[in-house]
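Working notes, beginning with the structure itself.
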Amino acid sequence: MSPRTTLADALRGVRAELAREEPPAALLQRLLPPAPVAHSAPPRPQRVLRLAPWLWSAGLACTAVLVGSVVLMLQAPAPELQPLDARNLRMSGFVPLAAAERWPDDAGPAWLVSTELRQDRLALLGLPFDPARAGDSVRAELLVRASGEVLAVRLAP
Amino acid sequence: MMTFVPWTRRSPAGDVARALAALTAGDRQALAVLYRSEAAPVYRYALALCGNAGWAADATQEAFMALATRPQNFDPTRGTLGAWLAGAARHALAAQWRELRHEAPLPEADEASDDTAEAASPESLLVQSQDAAAVWAALRQLPAAFREAVVLVDLQERPYAEAAAIAGCELNTLRTRLHRARLKLAALLGAARLENTP
């Protein structure tokens, strides 16, 4: 811990971190009874809409174009999305900083932030560094939640 | 003669009171209003105590289930709904700990005497996260009763009286636990100097 940080400062940081925690989104649903099923009235008979023949042809053509577009979209290869967890990040060269239980699925995306770190900071992260160059800076990338919580770090090339 | 009645905005406290009344009358859906108002602080309290998101969620659920099944057990003259729910979560955690035997359960009575912005730059965020991790690790090393005092007063900033009610102890006992906890935390963290706590 930074020697200049007092207990009050340290608790302030932890207080802010705790204030960002939220209970799981599914918890409320587990507490509530299922909503009653609404009984709807039988559907009323609808009038048949009479359109000109050329309007029917135009409608069929538009429908064909729409269906064709959807088929093309479904055939396109979907991007492979990796789940945001510590194991996948280690494989990308990241050093996880937050414990596994702080990686909830519903916490939203994380942002990649480029920065420069002092060399001596690398030792605190468990990364090797040259003590003779402790004051020098290195380029690094941080994985940060929108809340400001730093999840992982890696050295940039 | 017409009387002008000023329109007043509905207060959150009024919404909670109405939801409690509806829940007591048997409207289980009213629990949603109470949940949105009170769940987050209860969850954070449980999470800070046990450090496990799953256990904290279970304890929060137990607390709200207790309210849903027996809303008449909450007496507003004895404290806030938030304090009642936190106390219920505390009981749920203590029961889980006794069952799992992972840690010593939270004591129901007094414990035996014990021996002790800036700009959010990327690097400052990293420093803060490391400092916070050190504090969490030190908190885990505190006796459960001491940790609870710090969580309730320093982290959740609850009034002393409410914190003592949740912890199930006298006000002076809570103050003593808090003082010892802060000393022990500072020693664990190796702070350069002790400052008066906020």
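A few comments on the model shown:
- Using the Cβ-Cβ distance between residue A:130 and residue A:16 with R0 set to 35 Å, the FRET efficiency works out to roughly 0.55.
- Once backbone amide H atoms are built at 1.01 Å from N, residue A:151 has A:143, A:144, A:145 as its partners under 5 Å, excluding neighbours fewer than 5 places away on the same chain.
- Our estimate of slack between residue B:171 and residue B:157, defined as 0.36 nm per intervening residue step minus the Cα-Cα distance, is 3.5 nm.
Rule-based calculations on the coordinates, nothing more; no lab input. Everything numeric in this text was worked out from a predicted model, so none of it was measured. Virtual Cβ from ideal backbone geometry, glycine too; neighbours counted across all protein chains shown.
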